[in-house]
Amino acid sequence: MHKTVQNLLNIKAQIKAKTIELKYNNYNPEIIAVSKTFPMSNIMPLIESGHIHFGENKVQEALEKWSEVKNEKIKLHLVGKLQTNKVKFALKIFDFIHSLDNLKLAKKISEEQKKYINKPKIFIQVNIGNESQKSGVSIDNLNDFYKQCQNLDLNILGTMCLPPVNVDPRVFFSEMKKINLKLNLNELSMGMSSDYIEAIEFNSTYLRIGSNIFGKRI
C-alpha cells in the first residue's frame, strides 16, 4: 500500500474515533487531500484507492497537473487565493472555490460562471482572527457580503477560515460555527493538518489536509 493511502486511512481512523467519542452520529466530514506542489505520481495512488476530493493552491499548477487526469468523479478544490484575472481559468478546472474574499472577485465569478452549465460551489473566506495580513471578509461585513453574493447568483455553500497560528483554534472554530448558523449555511471549510481534530468538534464538513497525507512540502 502506498504511503499516501496509508496516511489517509490513518486520518480516517482518527476522525472516526473522535466522532464516536463526541457521539456525533451521521457526521462524515469530507477530506480534501491538498496536493499542492506534489506530482501526480504521489496523487495517483489516492485516486486509484477511490479518493475523490483534492485541493490545489494555484490555478496554473492545477491546470498543468489535472487537465488530463480529472474526470466527473474527481472534485477539485481551490484552497488558495484567487486573483480576478485567473477566474476564467479557475472555472475550467475547479469544482469548489474556498477563498471568495471580496466583491470584485464575486462579480467576476458571477460573470464568468454564465458560460458553464454547472456553477462553482463557493465558500466565503472569513477573516476570523481580524488579522491585517490575511485575506477574508470581516465578521462585521459578512451579512451584507453574503446578500450581495446571493444577488449575484453565486452558489455559496458555506464559510471558510484560517485561524491565527499559535492560538487555540477552538475559539475561532466555535465562532465560525455560530456564523454559519446565523447565515443558515450548511458547509464549513476549516481544519488543516495541525488542527483538523479540533475542527471536527465544531462540525467542520470539509477538512483541508496536506502534509499529514503527502508529507512535508519540498
Rg and Dmax of the chain, Cα atoms only, in Å = 16.8, 49
task = Post the alpha-carbon centroid distance, region 141-174 to region 41-89, in whole angstrom.
result = 22 Å
query = When the helices in the chain are scored as -39500 (n - 2.57) per DSSP H run of 4 or longer and the sum is shared across all residues, what 222 nm value do you end up with, to the nearest 500 deg cm²/dmol?
reply = -12000 deg cm²/dmol
ask   = Considering only the other residues whose Cβ falls under 10 Å of the Cβ of Val137, what net charge follows from Lys and Arg at +1 and Asp and Glu at -1?
value = -3
request  = Rounding to the nearest 20 debye, state how big the charge dipole of the chain is about its Cα centre with +1 on each Lys and Arg Cβ and -1 on each Asp and Glu Cβ.
outcome  = 340 debye
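Only the coordinates and a few stated rules stand behind these numbers; no lab work does. Keep in mind it's a predicted model, so treat the numbers as computed, not measured. As a convention, Cβ positions derive from the backbone with ideal geometry for all residues, glycine included, and neighbour counts pool all protein chains shown.
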